[in-house]
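None of the figures in this text is laboratory data; all of them are computed from the coordinates on show. None of these values were measured; they are calculated from a predicted model. In this analysis, Cβ positions are derived from the backbone assuming ideal geometry, glycine residues included, and neighbour counts consider all displayed protein chains.
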Amino acid sequence: MMPLRRFAMHQPKSVAEASQMLAEFGEKGRLYAGGTELLLAMKHDLLRYEHLIDVKTIPGLNKIELKNGTLNIGGAATHRAIEHSPAVKENLPVLAQMENNVANVRVRASGTLGGNLCFAEPHSDPAALLLALGAKAHLQAKSVRRTVTIDKLITGSYETSLGADELLEGIEIPLAGKSQRAAYVKFQLKERPTLGLALVLDVDGDNIKKAKAVVGSVSPMPTESDKANGLLTGSRAQVEKQLLDAAGALAQAADPVDDLEGGADYKRHLIGVFLKRAFIKALA
Amino acid sequence: MSAEKKPDFHVVNHAVPRRDARVKVTGKAQYVADLKLIGMAYAKVLRSPYAHAKILSIDASRATAHPGVYCVVTGNDLEGLNPYYGHAVKDHPLLAIDKVRYAGEAVAAVVAVDERTAFEALELIDVKYEELNAVFTPQEAMAEDAPLLHEKQFEAGALRGFEGEVTAGKGSNICQKHHIKWGNVEEAFKNAAAVVEGDYYFPMTYAYAMEAYVAIADVTDQGVNIYSSAQHPFMVRHDLKSVFNLPVSKVRLIVPFVGGGYGSKSYTKIEPLVAACSWKAKRPVKLQLTVEEAMLTTRSDDAYTWMRTAVDANGKIIARQAKIFMNTGAYAENSPLVVEKSTNRCVGPYAIPNVLIENCSLYTNTVPASSYRGFGCAQVTLPGESQIDELAAKIGKDPYEFRLANAAKPGEEFFPGMRPFDGTLKQDLDTAARAIGWNTPLAKGHGRGVACSGSDAGAYPLTSTVVRVHADGSVTIMTGSTELGQGSHTVLPQIAAEELGVDFDKVNVVSSDTAITPYDRSTGASRTTTLMGSAVLEASREAIQQMVVMAADVLKVKVEDIQTVRGGVRCGEAQLNWSEVISKFYALPDGEVIGRSYIRKSGRFSALPVFWEAAATGVEISVDQETGKITMEKLATVGDVGLAINPALAEGQDIGAATMGMGIGLFEELIYEGSQLVNGSILDYRLPRFSDLPKEVELHLVQNQDGVGPYGAKGGGEASLNSMAANIANAVDRATGVRIRHAPLTPEKVWRALKDKNIQGSKV
Ligand SMILES: Cc1cc2nc3c(=O)[nH]c(=O)nc-3n(C[C@H](O)[C@H](O)[C@H](O)COP(=O)(O)OP(=O)(O)OC[C@H]3O[C@@H](n4cnc5c(N)ncnc54)[C@H](O)[C@@H]3O)c2cc1C
């Protein structure tokens, strides 16, 4: 880490104003929320910006609220705020529990959900879980708004579909009824997860009607597999027998890479281990 | 949980609260980073992107012209200085000269009005390189066609810390060679009842300290003044004296609090560079490295060890042989001594009649390796203590019983020519075994280990001190020992307070200023309590002798009639405390008495090592067989410290060392991919966390007052590290039946070993 290079800080009062600033500064400007990614990368001299646009000054961008059966989380809500939000804890405990295990308390206190998703660092816990939960991202550029699913927001390692002047305004998560069972489990030795596995099931007694398994951190983007999801539906007993095949399908879709977190074969193996653990946890 | 308090002590052997606790936790303690001199400039360093390259040219003109820059220093600007330093081998240029030898080596420094400006100017320096072939492992460095890192012949440093020759600079990449030999190993292995043999690897590790290297230099016509985060100010003074060709009296090293060392702050690091910056900029200059830069400055020697150990039919260890290749990186630093120490420490604390250990360290194009807590012992205790368990398993013995049967006994001269063993390993091992419930049933997937180590510690005994007793009865200790968190500034006044019979709170410590405090060789090798502690004790007694003479003068009696009592003297009815003695002697309520002490290699310190640093650790672990992840379930440390001057501090050192050793056992490793260190930041280099420690931790001290230090004390603080990696590997073997000989035992490595075992198992 080196001293930060000189930059100017801007404090927009609305999303539109922030978007305007992004357009004006172009390559020299970047949005700044908690700074836990951005400032670190700047201190390592991996990124350089002359203008930082602080999204935390935009009123309301950090709110967390329930609306028409959906949970809405503002782009600037911190991990810690989400982790401790009564609305989240009551209605989507799996999200609160996942957030509770993101990073350390200092990073959670300043790091935001928006910053996590928009940096698109491949080892993201929220990205995997939100994809499994069917969350949508509301994006806004000046006065133009659009909504995309998580897999359309994160398009690669450190890559998103955000336009040059676009902000993540918030995330909307559908709240399924009582039939939803969800679990998020992860394997982590270092600062970032080696693997995260999200499993969201829709159950009716012993029958699993719908399933969505997402593996994160093992490849550039969180991945799901229709084949795996198919193998995860049916009677519980039958699904239990198919868990390894489902894991195989998921591993094939994710196509893990060799890196400092581990060899690809190890990660493929871990997908099986953690799919089983997620399954047991979800149905516990 | 300490042994029972020895009843006769007033201050020592009590867990008085550490002196620096309050200032440190309230942020008031001053470190070099907090200091600012008038007119001070700031330096930043340009580092080599190449592992091995010729420097064709350096154009610093644009950087020099950058607003706010005072000057740029390169290897071409050092005329007038002796730019090569090193207490063991003078192989290290303070900035790369003509070529670079590792990626990350300092090539130029910018001195500017502030740190940011200096940093901004770095990219304006244009360096042209011609890449050379590079070597990264000892094996590559030994190859016939290996490129030579150092072409020059080197002078051996006078303060290298050992008597043997220096091997470096003789036309190969060999940095240092050492061997020990007694008995006849070939014969012994032929006649052995059982033998184990294996290849082991101890990883490159970084001695993470919260404070990275930082120094301020002020070089003037008057001499060289430096504030630095250095463990051994006098050693650094010696290097600077030679860089600037000055008498030692004109080189002043001042060391305020040091934010942790663990070996990494021993010997000279950035001081010559920052001094050269000040010399050229003609003003005080501060250089503060980042953690990432510190990781490019020093590391531990990684070690490839082939070892075999043999027993006879009675379960007595009869022979050990090892060949070790250490990777010392681009510069020797303190590695020649690490080589000598790791060679000795291969024997372990065992009485083995036939021994042959050959050790060779090689220069490679990687970060220079140097001292690391445990000093070469951890590197070889991984193979050594692994083989004790492997051998026990092979002959069907309980590894703990097997250790007891072979461990050196108190007073035994188990290492020919060295001080007889001064610890009690049986008690150490017993205590560790009991603490982790050695004989209680093990849960499935769990394994236990008890292991020990004994190192020839204390370094060279050369230490002096002054204890000043003031007319108001308060005391100042002048010590060259550095407080780097180990608690020396609490322990030393405890000893003075005990001897002089004054309140602990009235004893102050002034330390680590080479212009003021008397000479102390170093603050390392666990030597301070033993050596500086003895010096403080003797200086206190010498002050008392002087005050007895003064009291006789004051009371107009014969010296023989004066009787000392706690805190003063008595003669018949008359009783005077030290304050009264001094005030009456000078006839003024001011003035002082100066007690002195010099310790050298003579008397009870004539035998080396100064003491054997012995400890045992016990662990219980569990293994997640699906992921390979190891969880620590129990940990016990047993420090065989003779007498704990401060039991809480001694235990604190032990848990710290064991945690560091656990890190090596579980996950710490610097990783090179090609020429680059790829996890050189604490985001990627996994350090131990509190949450890695088990819930059940027991800290024990064995206090038999069998050391040469004050009241029978001897050093501690490193030993609990040494056996931890082997202990974890041994426990994993007991839990899973797989033997892993390469540290760290990461989940992936354990998983692969389990997988291989299962594949082999299913083939049978
Ligand atoms: C030590 C450490 C450990 C970590 N461990 C984990 C972990 O275990 N699991 C995990 O998932 N993550 C982990 N992280 C990542 C952490 O979650 C992110 O650093 C954090 O959430 C980023 O948020 P921020 O507000 O700090 O983003 P910033 O650093 O401020 O911004 C990051 C990026 O997002 C952009 N951005 C920010 N807000 C918006 C917005 N509203 N619209 C569009 N773009 C925006 C910025 O322009 C920037 O490019 C860890 C990080 C650290 C430093």
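Bin by bin, in steps of 10 Å, what percent of the Cα pairs in chain A do you find, going until the bin that has the longest distance? That works out to 7, 29, 34, 21, 8, 1, 0, in percent per bin.
Annotation for segment B:481-550 versus segment B:697-715: alpha-carbon center distance of 18 Å. For B:Lys99, the amide hydrogen comes within under 5 Å of the amide hydrogens of B:Ile55, counting only partners 5 or more places away or on other chains and with H modelled in the peptide plane.
If you rank B:Lys181, B:Lys280 by fewest surrounding Cβ atoms within 10 Å, what's the result? Intermediate values should be presented prior to the final figure.
Values: B:Lys181 13, B:Lys280 21.
Arranged by neighbour count, lowest to highest, B:Lys181, B:Lys280 become B:Lys181, B:Lys280.
Efficiency by 1/(1 + (r/R0)^6): what FRET value for B:Phe162 and B:Lys601, r their Cβ-Cβ distance, R0 = 22 Å, to the nearest 0.05? Spell out each step's value before the answer.
Working: r = 13 Å, r/R0 = 0.60.
It comes out at approximately 0.95.
With charges set only on the Cβ (+1 for Lys and Arg, -1 for Asp and Glu), what does the dipole of segment B:460-605 come to about its Cα centre, in debye to the nearest 20? Taking the Cα centre of segment B:460-605 as origin, the dipole is about 560 debye. Structural size metrics of the protein assembly as shown, computed from C-alpha coordinates, are Rg and Dmax of 31.6, 106 Å.
Taking Lys and Arg as +1 and Asp and Glu as -1, the other residues whose beta-carbon sits under 9 Å from that of B:Gly198 total 0.
Annotation: amide H-H contacts under 5 Å for A:Leu66 (H modelled 1.01 Å from N, sequence separation of 5 or more, or interchain): A:Asn72.
For segment B:460-605, the convex hull spanned by the alpha carbon atoms encloses 104 Å³ per residue. Amide H to amide H distances under 5 Å link A:Ala182 with A:Leu201, where only residues 5 or more positions off or on other chains count and H is placed in the peptide plane. The loop-placed trypsin sites (Lys or Arg not before Pro) in segment B:1-71, going by DSSP, that have at most 11 neighbouring Cβ atoms within 10 Å of their Cβ come out as B:Lys28, B:Lys36. 3J(HN,Hα) couplings calculated from phi for segment B:438-455 with the Karplus curve 6.51 cos²θ - 1.76 cosθ + 1.60 (θ = phi - 60°) are, in sequence order, 3, 9, 7, x, 9, 5, 5, x, 9, x, 10, x, 10, 9, 9, 8, x, 10 Hz; Gly and Pro show x.
So what's the back-of-envelope 222 nm ellipticity for chain A, counting only DSSP H runs of four-plus at -39500 (n - 2.57) apiece and dividing by all residues, rounded to 500? Please list the in-between numbers first.
Working: 12 runs with 107 residues, N = 284.
For chain A, the value works out to -10500 deg cm²/dmol.
Which stretch or stretches of segment A:164-204 have amide N atoms under 20 Å from the point lying 7 Å from A:Thr147's Cα along the Cα→Cβ direction? Counting backbone N atoms under 20 Å from the label point, the list is A:166-177.
Taking 27 Å as the straight-line reach from the Cα of B:Lys286, the lysines in range (excluding those fewer than 8 positions away in the same chain) are A:Lys43, B:Lys24, B:Lys28, B:Lys36, B:Lys44, B:Lys90, B:Lys99, B:Lys241, B:Lys250, B:Lys265, B:Lys269.
Ignoring everything except DSSP H segments at least 4 long, calculate the 222 nm mean residue ellipticity for chain B; use -39,500 (n - 2.57) per segment, divide by total residues, nearest 500. Could you put the intermediate results ahead of the total?
Working: 19 runs with 204 residues, N = 764.
Rounded to the nearest 500, it is -8000 deg cm²/dmol.
Express in nm, to one decimal, how much length is gained between A:Thr70 and A:Asp259 on full extension, taking 0.36 nm for each residue of separation and deducting their alpha carbon distance. If you can, show how the numbers build up before the last one.
Working: separation 189, 0.36 × 189 = 68.04 nm, distance 3.75 nm.
Here the segment from A:Thr70 to A:Asp259 would lengthen by 64.3 nm.
Which of rounded, prolate or oblate describes segment A:8-57 when judged by the alpha-carbon gyration tensor and an a/c cut-off of 1.5? Judged from the Cα gyration tensor, segment A:8-57 comes out oblate (a/c at least 1.5, b/c at or above a/b).
Among B:462-471, B:160-169, how do they line up by average Cβ neighbours within 10 Å per residue, starting with the highest? It would help to have the intermediate numbers written out before the result.
Values: B:462-471: 23.4, B:160-169: 18.1.
The peptides rank, most packed first, as B:462-471, B:160-169.
Cβ crowding within 10 Å, taken as a proxy for footprinting-reagent exposure, orders B:Tyr102, B:Tyr460 from fewest neighbours to most as B:Tyr460, B:Tyr102.
Within segment B:668-763, report the trypsin sites (Lys or Arg not before Pro) that DSSP leaves as loop and that have at most 11 other Cβ atoms within 10 Å. Intermediate values should be presented prior to the final figure.
Working: sites: B:Arg686, B:Arg689, B:Lys695, B:Lys714, B:Arg734, B:Arg739, B:Arg741, B:Lys749, B:Arg752, B:Lys755, B:Lys757, B:Lys763; in loops: B:Arg686, B:Arg689, B:Lys695, B:Lys714, B:Arg739, B:Arg741.
Here the sparse-neighbourhood loop sites are B:Arg689, B:Lys695.
In segment B:460-605, taking the dipole from charged Cβ atoms about the Cα centre, the farthest positive-side position among B:Ser511, B:Val469, B:Gly480 is held by B:Gly480. In order along segment B:370-379, the Karplus-derived 3J(HN,Hα) couplings, from 6.51 cos²θ - 1.76 cosθ + 1.60 at θ = phi - 60°, round to 7, 4, 8, 2, x, 6, x, 6, 4, 4 Hz, and Gly and Pro are given as x. Using the Cα gyration tensor of chain B, with a ≥ b ≥ c the square roots of its eigenvalues, what is the shape: rounded (a/c below 1.5), prolate (a/b larger than b/c) or oblate (neither)? It comes out oblate by the Cα gyration axes.
Check each of the trypsin sites (Lys or Arg not before Pro) in segment B:479-559 and keep only those in coil by DSSP with at most 14 other C-beta atoms within 10 angstrom; list them in order.
On the way: sites: B:Lys506, B:Arg521, B:Arg527, B:Arg541, B:Lys556, B:Lys558; in loops: B:Arg521, B:Arg527, B:Lys556, B:Lys558.
Counting only loop positions with at most 14 other Cβ atoms within 10 Å, the trypsin sites (Lys or Arg not before Pro) in segment B:479-559 are B:Lys556, B:Lys558.
Scalar couplings 3J(HN,Hα) for segment A:128-137, obtained by applying the Karplus form with A = 6.51, B = -1.76, C = 1.60 to θ = phi - 60°, are 5, 5, 5, 5, 5, 7, x, 6, 10, 10 Hz; x denotes Gly and Pro.
Using the alpha-carbon positions of segment B:412-540, Rg (one decimal) and Dmax (whole number) come out as 19.9, 67 Å.
Here the gap between A:Gln188 and A:Asp226, fully extended at 0.36 nm per residue and compared with their Cα-Cα distance, gives a gain of 11.1 nm.
Listing B:Ile174, B:Ile216, B:Ile599 from the residue with the fewest other Cβ atoms within 10 Å to the one with the most, what is the order?
Working: B:Ile174 18, B:Ile216 26, B:Ile599 22.
Result, fewest neighbours first: B:Ile174, B:Ile599, B:Ile216.
Once you order the gyration tensor axes a ≥ b ≥ c over the Cα atoms, which shape class does segment A:152-284 get: rounded for a/c under 1.5, otherwise prolate or oblate by comparing a/b with b/c? Oblate is the answer for segment A:152-284, as a/c is 1.5 or above yet b/c matches or exceeds a/b.
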